[in-house]
Amino acid sequence: MNLIVRITIIFVLVSLVVFLVGGVISFDVMMREVNFEQRRFLIERLNGVERRLERRPVKDTINWTKLTIIPLMEQQEETTSFSDTVVMHNQLERLEPHLRLDAIRNVDGVSYQISLYDIIIEPDDIKDGLVESLVTMYLILLAAVLIIGFLASYFILRPFNNSLAVIKSFSLTDPGQSLKFPKSNVAEFKRLNQFLTEMTNKVKSDYQSLKEFSENASHELQTPLAIVQSKLEVLMDGDNLTEEQVEQIIFAQNTIKRMSNLSNALALLTKIENREFENVSEINFSYKLGHMLDEFRELMELKSIEREINIADGVSVQADQVLIELLLTNLINNAIRHNWEGGKILVSLTHNKFSISNTGPQLSIPGDHLFERFKKSNQSSQSMGLGLAIVKKICDFYDYKIKYESQADLHTIQISF
């Protein structure tokens, strides 16, 4: 939901509340004004009747339409009172609510009982008229807001949308690319574009520096490791080595190999996070998976691992071939490494889901921690704890959903495309 739609919805809801509250207040004000005017009208008629009686006193009862005058035998105190009643309406020929004024007036020493009527404007009539007018005004306002919102979104926010398009096309991996925002007459968008230009230039500079440092560090680390490895190989070829010395040299060689693999794995993770793998093509996932399983067949046979494979034909994905091979290699290698002797591996592939399961001991860490760096169930194992972290980064890179499940001694990693 974009900004204009949110603002429009908020404005419409606020306007609705204002109209409802305003309608109640308007109805109350109108009713008070109508009641006041009706009473004032009856009082004026009563004053007119008094003036008429001064000019022409009456001795008999007068019963006219909406007027009754009754001469009283004795003089009484003047009173005035209002009440609601119903009177037959001549034109409508039905009873209609009226406001009644009953008064006693003394005119030239004679008391008269005077009753006056005036038709009441019913609250329902006022409410219906008020609702109709408010609904009409609200619909007009709603239409105006929608039209103005659309025009504002198209014209006023067009520079903002243009800036978003420029940012989306920006890539850190292209050293020659620079942001070029379209000109805008809006001061806020000018400041935004200037800030984005400065920020991206800084990020780009930092990225290049970090990239060069990572590549140089990885390269420089490999050189002394290779030298140490070669020296150890020379020592291994020497004579008169004791069994303990041979074991120490082998241990040192394994440690150097782990350091080299760790350096390569961390460099690989950095490249994935920086989205440097953009050679996307259509990959036959079914064929690639079957081929990788064949490559690991000997390792499975060495541990007497039973395979159960169910691969659907023709499953393809759009991805970088190197990353897909890394994903499959790490998952299959993980299933073999953490399996029992004589265990089992289950592989399943459908058109939207891939899963690999292996038997093995229960985890010593929560399952959702498996995909973090340097997290492994057995801390004493030779695994670096980066294989599944690389798998997770690849899945995030392509928006694949990955999850871990376990049931008894069967561990399953499932990827949804």
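Quick check on my filter: what residues within the stretch 92-144 are part of a strand (DSSP E or B) and aromatic (Phe, Trp, Tyr)? Scanning the stretch 92-144 gives 112, 117.
Looking at the stretch 320-338, can you tell me whether even one residue there is over 20 Å from residue 406 (Cβ atoms), in a helix (DSSP H, G or I) and hydroxyl-bearing (Ser, Thr, Tyr)? Yes, that holds for at least one residue.
Looking only at residues in the stretch 257-302 that are open to solvent by less than 20 Å² (accessible area, probe 1.4 Å), among the aliphatic types (A, V, I, L, M) and modelled with pLDDT under 85, the one that is farthest from the chain's Cα centre (by Cα) is 265. Residues that are open to solvent by 40 Å² or more (accessible area, probe 1.4 Å) and closer than 12 Å to residue 339 by Cβ were ranked within the stretch 304-319; the one that is nearest to the chain's Cα centre (by Cα) is 307. For beta carbons closer than 8 Å, sequence separation of 6+ or different chains, a first residue in the stretch 348-363 that is closer than 15 Å to residue 391 by Cα and a second that is basic (Lys, Arg) and modelled with pLDDT under 90, there are no qualifying pairs. The residues of the stretch 53-79 that are closer than 11 Å to residue 114 by Cβ, exposed (fewer than 13 other Cβ atoms within 10 Å of the Cβ) and not polar (S, T, N, Q), listed by number, are 72, 78. For the stretch 172-230, the set of residues classified as at pLDDT 70 or above, among the hydroxyl-bearing types (Ser, Thr, Tyr) and more than 30 Å from residue 159 (Cβ to Cβ) consists of 230 only.
Across the stretch 18-49, the qualifying residues are those that are surrounded by 13 or more Cβ atoms within 10 Å (Cβ to Cβ) and more than 57 Å from the chain's Cα centre (by Cα), and the one among them that is farthest from residue 160 (Cα to Cα) is 49. Within the bounds of the stretch 346-369, is there any residue that is farther than 25 Å from residue 302 by Cα, at pLDDT below 80, hydrophobic (A, V, I, L, M, F, W, C) and touching a Lys or Arg at 6+ places or on another chain (Cβ under 7 Å)? Yes, that holds for at least one residue. Report yes if some residue within the stretch 80-95 is among the hydroxyl-bearing types (Ser, Thr, Tyr), surrounded by 11 or more Cβ atoms within 10 Å (Cβ to Cβ) and over 57 Å from the mean Cα position of the chain (by Cα); otherwise report no. Yes, the conditions are met somewhere in the stretch 80-95. Somewhere in the stretch 10-17, is a residue touching a His at 6+ places or on another chain (Cβ under 9 Å) and surrounded by 14 or more Cβ atoms within 10 Å (Cβ to Cβ)? No, because not a single residue in the stretch 10-17 is touching a His at 6+ places or on another chain (Cβ under 9 Å) and surrounded by 14 or more Cβ atoms within 10 Å (Cβ to Cβ).
The values are calculated or read from the model by the stated rules, or taken from the named source; none is laboratory data. Model, not experiment: these values are computed from the prediction. Glycine also receives a Cβ, built like all others from the backbone with ideal geometry; neighbour counts cover every protein chain displayed. We work out accessible area using only protein heavy atoms, side chains counted, and drop any ligands, DNA or RNA first. Shrake-Rupley method; radii C 1.70, N 1.55, O 1.52, S 1.80 Å.
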